[in-house]
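*Asks:* Encoded as structure tokens, here's the structure I'll be asking about.
What follows draws every value from the coordinates through simple rules; no lab data is involved. Predicted model, so just to flag it, every value in this text is computed and none were measured. Using ideal geometry, Cβ is built from the backbone for each residue, glycine included, and neighbour counts are taken over all protein chains shown.
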């Protein structure tokens, strides 16, 4: 879609992508946060994760809150990706595997959020990029400090 100035306007599918990845990222970070909190008992890393999760939520809200765009775009029952990867995701060998899988999930979703938000708000896109690199740093710190 093009506006009168020749710029692309985000269509409904972009908000679906942002909504899905917003949920995926926040959920993954919450899993990581709980593992760090209850298994690693590392208050510092746990606090960093919580701050990042809240900052990411704020950035997502900037894109999705106006007119509840995320909720209007959401269609879980018709999502063709809903069952993809179910076999792989149903097995984890230990808590470390859960931790790694959720760090990866959050990083991948942040990359998608970064790219999609470029179509709506470049400042928000930069915030997602910074968050993604911050999560890479937290992952390193977490994996080196926790003995899981």
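*Asks:* Anything in region 102-124 that is touching a residue at least 12 places away in the same chain (Cβ under 8 Å) and more than 13 Å from the chain's Cα centre (by Cα)? List them, or say none.
*Replies:* Once the filter is applied, which keeps residues that are touching a residue at least 12 places away in the same chain (Cβ under 8 Å) and more than 13 Å from the chain's Cα centre (by Cα), region 102-124 yields 119, 120, 121, 124.
*Asks:* Give me a count of the residues in region 6-64 that are under 18 Å from residue 144 (Cα atoms) and free of Cβ contacts under 8 Å to residues at least 60 places away in the same chain.
*Replies:* Number satisfying all stated conditions: 9.
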